[in-house]
1. Of all residues being touching a helix residue (DSSP H, G or I) at 6+ places or on another chain (Cβ under 6 Å) and crowded, with 20+ Cβ neighbours inside 10 Å in the stretch 467-477, which is farthest from GLU384 (Cα to Cα)? Just the residue, please.
2. Kindly state which strands (runs of 3 or more DSSP E) lie completely within the stretch 254-311 and contain at least 2 residues that are within 21 Å of GLY473 (Cβ to Cβ), modelled with pLDDT of 95 or more and within 12 Å of the chain's Cα centre (by Cα).
3. Looking at ALA121, is it outside any loop (DSSP other than H, G, I, E, B), open to solvent by 60 Å² or more (accessible area, probe 1.4 Å), modelled with pLDDT of 95 or more and not β-branched (Val, Ile, Thr)?
4. Which residue out of ARG213, ARG162 is among the charged types (D, E, K, R) and open to solvent by less than 50 Å² (accessible area, probe 1.4 Å)?
5. Which is closer than 22 Å to ASP343 by Cβ and either open to solvent by 10 Å² or more (accessible area, probe 1.4 Å) or in a helix (DSSP H, G or I) (or both), of ALA464, ALA454?
6. Here is a check on your reading of the model: is ALA128 touching a residue at least 60 places away in the same chain (Cβ under 8 Å), surrounded by fewer than 21 Cβ atoms within 10 Å (Cβ to Cβ), assigned to a helix (DSSP H, G or I) and over 25 Å from the mean Cα position of the chain (by Cα)?
7. With the requirement that a residue be closer than 20 Å to GLY394 by Cβ and open to solvent by 40 Å² or more (accessible area, probe 1.4 Å), what does the stretch 478-499 give you?
Amino acid sequence: MPTKTSKPKPAAFTQQPRIPLPGSDKAPMPQALPATTLLATPAPSRSQITVSVIVPPITPLPQAGTTRLTPAQFKKLHGPNPASLKLVTSFAAEFGLKATAPTPGRRTVHLTGSQAALAKAFAVTFTAHQVAGVTYRTRSGPILLPESLTGHVQAVLGLDNRPQAQPHFRIATPHATNTSYTPPQVAAFYGLPAGSTAKGQTIAILELGGGYRPADLTAYFKTLSLPAPTVTPISVDKGKNTPGTANGADGEVMLDIEVCASVAPGAAIVVYFAPNTDQGFIDAIATAVHDTKNKPSVLSISWGGPESTWTQQAVTALDQACQAAAALGVTITVAAGDNGSTDGVSGTASHVDFPASSPHVLACGGTTLRASANAITSETVWNEQAANEGATGGGVSTLFPLPTWQKSAKVPATSSKTGGRGVPDVSGNADPATGYTIRVDGQTTVIGGTSAVAPLWAALIAVANSQSKQSAGFLNPTLYTTPKSFRDITQGNNGAFKAATGWDPCTGLGTPNVPLLFAGRIGSRS
């Protein structure tokens with residue numbers, strides 16, 4: 001009788017050939033001071049770091065706008081693949097790393113260990129770069145995984161902690177022709193009815209630095225004759241509410257909170273603070289989207305960076321977090337950037353900002369708005385580049401194809417075989433010369449940028465959600481079929497692109513005509 005043979009066990013991870021993780025290739029840190037090796041001496045215990053390993057879902061995520069799932073349904077269908085989770089946990093144990101299982105609905109395994117152990121586990125070399133007095137841990141080249149992990153790991157984030165994104169706000173430069181408005185005034189110009197509230201809604205805000213002071217919020221809302229909002233800070237990856245100076249990231253944090261809470265009074269505000277890294281950015285989005293305690297219906301993001309500055313693995317992971325939001329009925333509004341059609345990249349070529357270019361978010365561009373007697377007298381594309389004072393981002397993605405809902409928008413062709421998604425989708429007042437009166441660190445100042453537009457739209461959607469008693473969710477397909485819900489902006493340019501009738505790569509569909517948006521399908525998708 002033949003002897004039953006057992007299936008051979010796979011070789012230990014340390015003995016397997018190494019395969020590059022697709023999309024993990026990282027460029028060296030540019031314009032950095034001379035580097036020194038971080039691992040020249042054994043890493044002390046305090047040098048332990050935590051990385052995020054994202055594994056595949058049980059089944060592919062649904063196409064945005066086709067399905068609305070409860071958190072329990074999402075977890076059952078799109079939680080972490082059990083086989084992948086088991087392999088990653090075994091891999092961690094072999095290299096002396098502590099593995100923390102994903103929280104419900106998420107696919108992120110956190111691995112913690114010394115820099116030396118992580119360098120060995122992922123076959124990377126760490127170097128230290130000091131920039132402006134801050135030392136960053138960096139790597140370059142691909143991450144190499146043991147062969148048996150092929151297909152079981154989608155991304156490894158956090159090995160490199162260099163800054164990933166920039167806040168898209170601009171403090172106004174004094175000019176005789178400047179004017180400013182409170183956020184409720186801007187919302188009223190766009191037709192938001194007086195007395196509108198967002199009672200019962202929670203607006204999530206993502207921040208990668210800075211902080212807020214409750215005393216400033218109390219003082220600011222007193223000037224508006226509104227009650228100060230309830231603001232809850234949430235720490236992600238050890239990020240914290242750390243207020244500093246008005247010229248730093250505090251300007252971003254206070255702009256976001258004050259716009260959201262004053263345009264959507266009654267809404268609870270939850271601010272997710274995370275480190276400014278690709279890991280922190282993605283973990284913050286996922287934390288907000290899957291937050292079953294605070295249950296935000298909309299998430300405002302005013303941070304980003306040119307598509308070319310992201311690794312493909314980070315782009316995929318962040319976009320999938322936004323795709324999960326769409327499935328769960330959470331709307332994400334994202335600033336399109338403040339550096340015109342180049343997005344601040346050297347040269348004259350056009351670039352767009354990410355995550356504004358994700359097809360699963362509502363990308364928000366900027367205008368210059370002037371009003372008199374409570375009515376808009378003119379509105380054009382925001383472009384003050386001649387004075388070195390910014391311009392709205394906008395253009396065509398080289399990473400994401402043209403979405404079906406933009407097929408009729410006449411998005412310009414791109415030379416990229418993979419690109420085509422047009423940015424932005426919508427717009428709003430953003431020029432610092434016609435900016436928002438904000439209180440930051442005890443000072444009243446005027447701030448603009450597309451950073452103001454993302455929270456403005458988030459607040460309007462929260463009001464609509466409160467009115468309709470359900471979340472709007474993924475709005476893009478609906479908005480592109482209701483052009484009369486917008487004030488079409490037809491004058492101006494952002495560098496390479498000009499405004500035109502209908503959608504354009506400067507202001508998208510236009511600025512909100514709130515009464516028509518509320519009367520239409522906004523907030524009514526099931």
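The values are calculated or read from the model by the stated rules, or taken from the named source; none is laboratory data. Values in this document were obtained by computation on a predicted structure and should not be read as measured data. FYI the Cβ positions are ideal-geometry reconstructions off the backbone, even for glycines, and counts take in every protein chain you see. The accessibility values were calculated without ligands, DNA or RNA, using every heavy atom of the protein model including side chains. Shrake-Rupley method; radii C 1.70, N 1.55, O 1.52, S 1.80 Å.
1. SER471
2. In the stretch 254-311, the matching strands (runs of 3 or more DSSP E) lie at 298-301.
3. no
4. ARG162
5. None of the other options fit; the residue is ALA454.
6. Against the criterion (touching a residue at least 60 places away in the same chain (Cβ under 8 Å), surrounded by fewer than 21 Cβ atoms within 10 Å (Cβ to Cβ), assigned to a helix (DSSP H, G or I) and over 25 Å from the mean Cα position of the chain (by Cα)), ALA128 does not qualify.
7. Within the stretch 478-499, PRO483, ARG487, ASP488, THR490, GLN491, ASN493, GLY495, ALA496, LYS498 qualify.
Rundown of residues vs (1) farther than 18 Å from TYR272 by Cβ; (2) open to solvent by less than 10 Å² (accessible area, probe 1.4 Å); (3) not hydrophobic (A, V, I, L, M, F, W, C), yes/no style:
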position: THR292; (1), (2), (3): no, no, yes
position: LYS295; (1), (2), (3): no, no, yes
position: ILE301; (1), (2), (3): no, yes, no
position: GLU307; (1), (2), (3): yes, no, yes
position: GLN312; (1), (2), (3): yes, no, yes
position: LEU318; (1), (2), (3): no, yes, no
position: GLN323; (1), (2), (3): yes, no, yes
position: LEU328; (1), (2), (3): no, no, no
position: THR331; (1), (2), (3): no, yes, yes
